[in-house]
Each structure stands twice: as structure tokens, then as C-alpha cells.
Amino acid sequence: MNNTPNVVVRDRGGRNENSEIGKELSHAHKLICQLRHAGATWDDLVAMRDAKLEVFSEFIARIRGISVTDDRDEIINLDYEPGSFESLTDLSNGFLASKGVYDVDDDRLGIWQVQSESWGIFFGNMKFSVERPSGKGCFQKDPPRYCRGDLLGISKNRVYLNLAMATWFSQGGRIDIPFDGSPFNDNWGNDTIFFLGTVWWVPIRKVFLAPALTSNKSGHIKYQIWPIPVGKWPENCYVALLVPR
């Protein structure tokens, strides 16, 4: 079993298909049957329900093929959104304060094991990468959606990093984590890295927003919710990805 990311689009706009809910219930029933067959009792099921997140994180990590040893590095759940110390309204300069704003995409990344190597940090068999696309993203009107697939020059088998990862990067000094093939040569200046795994659409202002790390001429780095470029992708704008090692 490989441990490539399990990416699921979570739609918060209430547009989930009923058929998908039926599939989930079917899988849940099969899971209960498997647990019963393995000897799980009612008390076991209750204990699983009340188990700490760390316990489930390791369980899911093992299912996804991550080798867990006694001297393992930290396992983290990237489905869990750590939250931000600042409000999204402040981070977006008021763009997300409108009632007409809703979350278009929010790709979940799943469970990964943190591994430290000579120059940086990996997740499972994936590495951080920053790449500058060419071409432009498209605007799909019904429903409004930013089509990341139209961005050219992006690695195959990529996973777009999301709000949870942008928040994680911006806390505890983690903003200094190097990306594989970083285009900045350790020097930032008027650059922006977008995390397109989470994208908002603002109908009133006709703009898409995404979490971003931005820098000014002095190289000061800031975490904020920022408008996605329209038209040809700018030279100083990049996309944060997980790509195979």
C-alpha cells in the first residue's frame, strides 16, 4: 500500500451529493463489520470513539502505509486545522467579512509522519516544493470555482497545500522551513507563495482568495489571505505544493 496523500474536496457550501453520503454510510457499515470480526466489543467501539487524536493519527498512518518504529518521528494529522492566532477577517483585510463569502475548495491532506533530513522536513514520501506556474487559472461560473488544473508548469502528482498548512507554516518560526528547489535563494522580496488547497470566492468583489505567505522589499514575511492573480501568472508569485520525493 502506498502512502500518497488522500485528497478530498470538502464542500462547505451545502452542495454535497446525497449519493456520497450513502457511500460513506456503506463504508461505515463495512468498517463496523470488520471490527466485529476482529473481536471488537461494544466497549471497544466506545473507546475508539473517545480515543485521543494521536491514537487515531497513528492508526490511520499505519493504514496508509507509513512505517512506524520505536524511534519514529512525529506523526501529525493534516486533516486537523490548527487555526490561526489572527482572525481570517483581519488576515484578508476585510475581504472575508462579507456574508457573500463562502469556501469553494478545502483539500484535506490526511495523516503524515514528519521526517527531518539534512536540509529540511518531509511528510511521508512527499516533500515541500514551491513552483511558479505559467498560464493562468480559469474561472468556472457555475458553481464559481478556481480551476487550479489550468495552471501550467506544475509537477505531476502534486498536492496543493491548504489553509491548515499555511497556518502551520506561519507559526512557531516554521516559516523558515526550506522548500525543495526554492526560487528565492534565501532572499525574499515582493514575492508571494499561494496555498491553493483552500480557495474562497467573494461574489460581491468578484475575486478569489487563498492563504499566502507574502514578503515586502525588506524581505519581511507575512501570513495573510490574499487575492489570487487574474490573467497571466506573475513572475513573483508561486504555489506551495507537496510532490513525490
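For the stretch 97-112, the criterion of being open to solvent by less than 30 Å² (accessible area, probe 1.4 Å) and among the polar types (S, T, N, Q) is met by none of the residues.
Pick from the stretch 15-57 the residues that are open to solvent by 70 Å² or more (accessible area, probe 1.4 Å), within 30 Å of Met165 (Cβ to Cβ) and in a loop (DSSP other than H, G, I, E, B): which of them is modelled with the highest pLDDT? Once the filter is applied, the top-ranked residue is Asp50.
A count restricted to the stretch 122-133 and to residues that are open to solvent by 40 Å² or more (accessible area, probe 1.4 Å) and either of a type in the set (S, T, N, Q) or at pLDDT below 70 (or both) stands at 1. Summed over the stretch 194-225, residues that are under 14 Å from Thr167 (Cβ atoms) and among the charged types (D, E, K, R) total 1. Here is the figure for the stretch 120-150: residues that are in contact with a strand residue (DSSP E or B) (Cβ under 6 Å, 6 or more places away or on another chain), in a strand (DSSP E or B) and more than 30 Å from Glu74 (Cα to Cα) total 8. For the stretch 221-245, a residue qualifies if it is closer than 21 Å to Ser170 by Cα and either open to solvent by 30 Å² or more (accessible area, probe 1.4 Å) or in contact with a His (Cβ under 6 Å, 6 or more places away or on another chain) (or both), and the qualifying residues are Ile221, Lys222, Trp226, Pro227, Asn236.
Out of curiosity, is Asn190 in a loop (DSSP other than H, G, I, E, B), at pLDDT 80 or above, within 26 Å of Glu86 (Cα to Cα) and in contact with a strand residue (DSSP E or B) (Cβ under 7 Å, 6 or more places away or on another chain)? Walk me through how you get there before you give the answer.
On the way: in a loop (DSSP other than H, G, I, E, B): yes; at pLDDT 80 or above: yes; within 26 Å of Glu86 (Cα to Cα): yes; in contact with a strand residue (DSSP E or B) (Cβ under 7 Å, 6 or more places away or on another chain): yes.
Yes: the conditions hold for Asn190.
Exactly one residue among Arg148, Arg174, Arg205 is open to solvent by 50 Å² or more (accessible area, probe 1.4 Å), under 22 Å from Leu88 (Cβ atoms) and modelled with pLDDT under 80, and that residue is Arg174. The set of residues in the stretch 208-232 that are at pLDDT 85 or above and in contact with a Lys or Arg (Cβ under 6 Å, 6 or more places away or on another chain) contains only Thr214. Pairing each residue of the stretch 142-160 that is on the phi > 0 side of the Ramachandran plot with any residue that is open to solvent by 20 Å² or more (accessible area, probe 1.4 Å) and not in a strand (DSSP E or B), provided the two are 6+ apart or on different chains, yields C-beta distances under 9 Å for Gly153/Arg132; Asn157/Thr4.
The values are calculated or read from the model by the stated rules, or taken from the named source; none is laboratory data. Everything numeric in this text was worked out from a predicted model, so none of it was measured. Cβ: placed from backbone, ideal geometry, glycine included. Neighbour counts: every protein chain shown. Protein only, heavy atoms only, side chains kept; ligands, DNA and RNA dropped before computing areas. Shrake-Rupley method; radii C 1.70, N 1.55, O 1.52, S 1.80 Å.
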